[in-house]
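Novice: First the structure, which I've put down as structure tokens, then a few questions once you've had a look.
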Amino acid sequence: MEDRIGLVYSFVMERCLWQFFSRNWDREENIRRIMGDVAKIQSGQEVDRSTNIANSHYADAKILASQLSQRFDWFDGLSWAKVNEICDGVIEKLMDIAVVNSLNAERNESKY
Amino acid sequence: MPMALLEADVKIPERKKHVYIKQPGEDTKQYLPASNITTIPGSLSERGCSYCGAKLVIGGVLKDTIQIIHGPVGCSYNTWHTKRYPSDADNFQIKYAWSTDMKESNVVFGGEARLKKSMLEAFAAFPDKRRMMVYTTCATALIGDDIKAVAKEVQDELGDVDIFCVECPGFAGVSQSKGHHVFNIDWVNQKVGTVEPDITSDFTINIIGDYNIQGDAYVLQRYMDEIGVQVIAHFTGNGTYDACRSMHRAKLSITNCARSAGYIANELQKQYGIPRMDVDTWGFDYVKESLRKIGAFFNIEDRVEALIEREVAVHGPRLDGFKAGLAGKKVAIWTGGPRLWHWTKALEDDLGMEVVAMASKFGHQEDFEKVIARGRVGTVYIDDGNELEFFEVIDMVKPDVIFTGPRVGELVKKVHIPYINGHAYHNGPYMGFEGAVNMARDMSNAIHSNLFKLAKRDISKGGF
Amino acid sequence: MATLVKDKPRTGCINPIFNCQPCGAQFAAIGIRDTIALVHGGQGCCTFVRLMFAQHFKENFDIASSSLHEDAAVFGGTKRVIDGVKNLVLRYPDLKLIPIITTCSTETIGDDIEACIVELDAWLKENHPSRGIRVIPIHTPSYKGSQAMGYNAAMEQIVRALAKRGEPSKKVNVFTGWVNPGDVTELKHLFSEMGIPANILMDTETFASGIMPDKSSFAYGDTTVSDLANTANAFASVAPCAYEGGLAAKYLESEFRVPSMVGVTPIGIENTDKFLRQLSDLTGRRIPRSLVEERARAIDSIVDLGHMFLAGKRVAIYGDPDLVIGLADYCIELGMEPVLLLMGDDLKGYKKDTRIAELGKKAVGFEMEVILNADLWELERRLRDGMKLDLILGHSKGRFIAIDYQVPMVRVGFPVFDRAGMWKNPIFGYHGAEWLAEAIANEFFAHMEFKKDREWILNVW
């Protein structure tokens, strides 16, 4: 499982930009929402698209989920619990590098 | 030794924190180059000033706006004829430069009257142009001219004009980046929301952080037209002043250059609930992904897939034609900041090249988080690089081609390395599918140029 | 007919002809060997000027910035000057000279550059006594004059700082003015033919550098600090451009009694004749037969063009003041009509310049407007309002006027970034006259063909 979390994490780091938005709160929101949406999409659950912002997270997640399916043949067959576990693991790692332990001081500023 | 003190920097050891060589297993929690901090005087930094970040990069791109620079003539002169951003408005924005041509007496007695006269003259000379941006510069900021008050007077007097004031003198920040910031924040707070656009589609977006370099914006516009998405504002490539005032009416902002325009995307999200979606509009494969995200957002995936299918059918084989000649070739990218992270993976994944050194003039730590996440192990990452460092890095990593500006291009030419204009391109556009092909073609022509092979030959030694 | 000398009828500037003073100082500084100037101001003041040099020459030149930031604007920037110079000294082992060039911001703040230099001299004496590095001030507030005046002021301040009385020399100081390396080559040629040893200031011929097999070649200026020191001991000074180098020549005259010959710009046949005659008068050397022959060849070539293709053509000219005056004179010599001269700054001296009055006398059969403190809008608005022009002579900043109004244009002066290799050609001397007349004719020919306007004329030329 750790390996799979690592693979997804590496893919996100190389491919995505939303984990590195300007401020902590944006980074955290993106990481949790988008990876959360990936888990939901992958297990056929309904995703919140009620606002433009939520819809944007959905769009990022949708494309990411399909890229992960294409890239990793094990990704499609996973149970909800497993997908969730992977996504949670990825969230934790992304939070660690982009929010909790990031060396980027600017992300803490209160204004854009 | 991931943070590296180069030989050239032994006498300015504070440079060590700006130079990083990525080692296996490392990430940006351990090492992140210092950036967006004070330039070391006399280091032969490549940076420009804050004023140019606002005027030359963002405001000056607008195709319908008079750009009047309040200061000595050089600030206007210097930010004229240094960019390749055309427009479909007869290139108004690159043909003209306005200056209040401030003189010594104005420094002593103030330059507001001079500014007002110059503004009125500019409107009189161009009667069909009713939009203006006014910029302070070092001299006029130091003497404290109130350009906003003057702008208000002119606006009241003429009635049909709208004026935006940019108060960001050259010394205001450590690089052009500060100018981006000031422009973004003041624009969203002062001008966005003051014009209502005609909405012609259910699908509306802002395209943020693209400046129509060699027609990039035309490519993106064509894609949006084809999938039925209305571009409310292009901030600012081939854009208009009033369109950028109506950005609050879009449902989505796609952001390419997050360094120069991430601020406005953030504020639009915060103030108007318009999501910021970061995309890569460079790179063959990235473009597919970016378009698909827009398709997913608007539920128009079928249109997007049709576009991608056709574009890939046309341009895919052309790109493939360059792959064999470029695979394994080494690239250095020495540009402003974001192109590092936009390009490094794209060149590697699309073409099999190796990006071996990257230097950013004005990137922030956020940019280095992105580029180090995307970049290779062993690659050299530099903030605010200087000339002696560049020579040293060339010796270390031996690039086959370098993306950089024309001046540094002239320098690296002497050591037998071709350059490609990383700011203004050689023969663009570089965005979109066709752009990725153009970029590959330019690299191929550069790397395989016979002239550089001939340059290496010393005819005095015979053997040829 | 009358010459109308008048000021631009506006306060502001639309499409400036010139950059500001520090740019001129930077151009002077890159002509000196083992020199990196430190521009004390915002980073743009240096970065964009370097870019412009690179665009013109397709070469890189090293110029440093003190990188003035906000704190310095509030508390003063002298520490950044000190640090900047020290960093240059420590990292560039061959440096001999560091001019400190001021800008609008640092002049407005009032940073005491002279005090910085005292401190730096002490530091150099203590830490690097054997290097012999000189640090000198160049005050060029951007809100005065223009790049041309900045160059003039810089040349004077450099000479003022470095000229040193010593053994009298037979050499003649040649303050070239802000000209192209092609003109420097031509000046050297004329002096050599005349048998007069020349001290070229600044010698920019070495701006042309190659891509060597061993990667060893870079563009550099070739005037040395010792050449500059020796200006005090010269036999005479010659400054073909009154507004670019004239001040330095006059300074040497008043301070070291070096006689000066200022303002005979050898553009065109007659002006080159005058230049050589004055050189001859100054030195007692006779004009040699080789120059008679060279002149004859030039006239021979130009005669093929003059009354057939060039006569009666209406010309607008802008750029460096001596260049504009010289070119106008030469145009008249060719039978052309320089109807509009744009002097791109507010220098008071133009109104008193006898050369401009002389031009007026020669302007027979047409009216010549001379606009002072002009910008390129003065040219464009005239074309927009129906002025007929056959030719524009000027630098690349006017390119869109030529393009939009379809006026043939020959690029001269600085900067020229939209034609290849123009800086290698001379404007000065008989060679320059010949090259320029041919360049103008070829531009007309290309234009005739492109517009299909009597292109058949060249069928039997």
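The values are calculated or read from the model by the stated rules, or taken from the named source; none is laboratory data. Predicted model only: the values in this text are computed from it and were never measured. Counting neighbours? That spans all protein chains shown, and the Cβs are built from the backbone with ideal geometry, glycine included.
Novice: Within region A:1-15, how many residues are hydrophobic (A, V, I, L, M, F, W, C) and in contact with a Gly (Cβ under 9 Å, 6 or more places away or on another chain)? Working first, answer last.
Specialist: Filtering region A:1-15 for residues hydrophobic (A, V, I, L, M, F, W, C) gives A:1, A:5, A:7-8, A:11-13.
Then keep just the ones that are in contact with a Gly (Cβ under 9 Å, 6 or more places away or on another chain); that gives A:1, A:5, A:8.
Counting residues in region A:1-15 that are hydrophobic (A, V, I, L, M, F, W, C) and in contact with a Gly (Cβ under 9 Å, 6 or more places away or on another chain) gives 3.
Novice: Ok, one more. Do the conditions hold for B:Lys370, that is, is it surrounded by fewer than 23 Cβ atoms within 10 Å (Cβ to Cβ) and of a type in the set (Lys, Arg)?
Specialist: no
Yes/no matrix, rows are residues, columns are (1) within 8 Å of chain B (Cβ to nearest Cβ); (2) within 26 Å of B:Lys345 (Cα to Cα):
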{"site": "A:Met13", "(1), (2)": "yes, yes"}
{"site": "A:Cys16", "(1), (2)": "no, yes"}
{"site": "A:Ile34", "(1), (2)": "no, yes"}
{"site": "A:Gly44", "(1), (2)": "no, no"}
{"site": "A:Asp73", "(1), (2)": "no, yes"}
{"site": "A:Glu85", "(1), (2)": "no, no"}
{"site": "A:Tyr112", "(1), (2)": "yes, no"}
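Okay, residues lined up against (1) within 20 Å of C:Asp121 (Cα to Cα); (2) at the interface with another protein chain (Cβ under 7 Å from one of its Cβ atoms); (3) in contact (Cβ under 8 Å) with a residue 24 or more places away in the chain:
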{"site": "C:Gly31", "(1), (2), (3)": "no, no, yes"}
{"site": "C:Val39", "(1), (2), (3)": "yes, no, yes"}
{"site": "C:Gln43", "(1), (2), (3)": "no, yes, yes"}
{"site": "C:Phe57", "(1), (2), (3)": "no, no, yes"}
{"site": "C:Asn60", "(1), (2), (3)": "no, yes, yes"}
{"site": "C:Ile63", "(1), (2), (3)": "no, no, yes"}
{"site": "C:Ala73", "(1), (2), (3)": "no, yes, yes"}
{"site": "C:Gly84", "(1), (2), (3)": "yes, yes, yes"}
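Novice: On to the next question. Any chance you could count how many residues in region B:179-220 are part of a helix (DSSP H, G or I) and either over 18 Å from B:Val57 (Cα atoms) or in the same structural domain as B:Cys165 (by TED's automatic domain parsing) (or both)?
Specialist: Narrowing region B:179-220 to residues part of a helix (DSSP H, G or I): B:179-190, B:213-220.
From what is left, the residues that are either over 18 Å from B:Val57 (Cα atoms) or in the same structural domain as B:Cys165 (by TED's automatic domain parsing) (or both) are B:189-190, B:219-220.
The number of residues fulfilling the criteria is 4.
Novice: Give the number of residues within region B:419-464 that are assigned to a strand (DSSP E or B), more than 14 Å from chain C (Cβ to nearest Cβ) and farther than 18 Å from B:Arg222 by Cβ.
Specialist: So in region B:419-464, the residues assigned to a strand (DSSP E or B) come out as B:419-421, B:431.
Then drop every residue that is not more than 14 Å from chain C (Cβ to nearest Cβ), which leaves B:420, B:431.
Among the residues that remain, those that are also farther than 18 Å from B:Arg222 by Cβ are: B:420.
Qualifying residue count, region B:419-464: 1.
Novice: I'd like the full set of residues that are within 14 Å of chain B (Cβ to nearest Cβ), hydrophobic (A, V, I, L, M, F, W, C) and surrounded by 14 or more Cβ atoms within 10 Å (Cβ to Cβ), limited to region A:87-103. Can you show your working first?
Specialist: As a first pass, look at region A:87-103 and keep what is within 14 Å of chain B (Cβ to nearest Cβ): A:90, A:92-103.
Going one step further and asking which of them are hydrophobic (A, V, I, L, M, F, W, C), we end up with A:90, A:94-95, A:97-100, A:103.
A:Val90, A:Leu94, A:Met95, A:Ile97, A:Ala98, A:Val99, A:Leu103 - these are the residues of region A:87-103 that are within 14 Å of chain B (Cβ to nearest Cβ), hydrophobic (A, V, I, L, M, F, W, C) and surrounded by 14 or more Cβ atoms within 10 Å (Cβ to Cβ).
Novice: Can you tell me which of (1) under 28 Å from B:Leu252 (Cα atoms); (2) buried (at least 22 other Cβ atoms within 10 Å of the Cβ); (3) of a type in the set (Gly, Ala, Ser) is the one B:Ala306 doesn't meet?
Specialist: (2)
Novice: Can you tell me which residues in region B:270-288 are more than 7 Å from chain A (Cβ to nearest Cβ) and not in a loop (DSSP other than H, G, I, E, B)? Working first, answer last.
Specialist: Here is the first cut: in region B:270-288, the residues more than 7 Å from chain A (Cβ to nearest Cβ) are B:270-272, B:276, B:279-288.
Correct list: B:Lys270, B:Gln271, B:Tyr272, B:Arg276, B:Trp282, B:Phe284, B:Asp285, B:Tyr286, B:Val287, B:Lys288.
Novice: Right, here's the next one. Please go through region B:391-418 and give me each residue that is assigned to a helix (DSSP H, G or I) and either more than 11 Å from every other protein chain (Cβ to nearest Cβ) or hydroxyl-bearing (Ser, Thr, Tyr) (or both), ordered by number. Give the derivation first.
Specialist: Keep residues of region B:391-418 that are assigned to a helix (DSSP H, G or I), which gives B:391-397, B:406-413.
Correct list: B:Glu392, B:Val393, B:Met396, B:Val397.
Novice: Next question, about the same structure. What are the pairs with Cβ atoms under 7 angstrom where one residue, in region A:35-53, is among the basic types (Lys, Arg) and the other, located anywhere, is surrounded by 15 or more Cβ atoms within 10 Å (Cβ to Cβ)? Sequence gap at least six, or different chains.
Specialist: From residues that are among the basic types (Lys, Arg), the pairs are A:Lys40/A:Val47; A:Arg49/A:Asn55; A:Arg49/A:Tyr58.
Novice: Among the strands (runs of 3 or more DSSP E) lying completely within region C:1-100, list those that include at least 3 residues that are surrounded by 19 or more Cβ atoms within 10 Å (Cβ to Cβ) and aliphatic (A, V, I, L, M).
Specialist: Details: elements: C:3-7, C:37-40, C:63-65.
Answer list for region C:1-100: C:37-40.
Novice: Test of understanding: among A:Ser69, A:Ser102, which residue is farther than 16 Å from A:Asp37 by Cβ and of a type in the set (Gly, Ala, Ser)? Steps first, please.
Specialist: Working: A:Ser69 fails: farther than 16 Å from A:Asp37 by Cβ.
Exactly one of A:Ser69, A:Ser102 is farther than 16 Å from A:Asp37 by Cβ and of a type in the set (Gly, Ala, Ser), namely A:Ser102.
Novice: Here's another thing I want to ask about it. Can you report the number of residues in region A:59-68 which are touching a residue at least 12 places away in the same chain (Cβ under 8 Å) and surrounded by fewer than 21 Cβ atoms within 10 Å (Cβ to Cβ)? Can you show your working first?
Specialist: Keep residues of region A:59-68 that are touching a residue at least 12 places away in the same chain (Cβ under 8 Å), which gives A:60-62, A:64-65, A:67-68.
From what's left, surrounded by fewer than 21 Cβ atoms within 10 Å (Cβ to Cβ): A:67.
The qualifying residues number 1.
Novice: For the subset of region B:113-150 comprising residues that are within 11 Å of chain C (Cβ to nearest Cβ) and of a type in the set (Lys, Arg), which member is surrounded by the most Cβ atoms within 10 Å (Cβ to Cβ)?
Specialist: Filtering region B:113-150 for residues that are within 11 Å of chain C (Cβ to nearest Cβ) and of a type in the set (Lys, Arg), the one surrounded by the most Cβ atoms within 10 Å (Cβ to Cβ) comes out as B:Arg114.
Novice: Filter region B:248-257 down to the residues that are of a type outside the set (Val, Ile, Thr) and in contact with a helix residue (DSSP H, G or I) (Cβ under 6 Å, 6 or more places away or on another chain) and list them by number. It would help to see each step written out before you state the result.
Specialist: Here is the first cut: in region B:248-257, the ones of a type outside the set (Val, Ile, Thr) are B:248-253, B:256-257.
Correct list: B:His248, B:Lys251, B:Leu252, B:Ser253, B:Cys257.
Novice: Next question, about the same structure. Go through region B:1-109 and tell me which helices (runs of 4 or more DSSP H), entirely inside it, have 2 or more residues that are touching a Leu at 6+ places or on another chain (Cβ under 7 Å).
Specialist: It comes to none.
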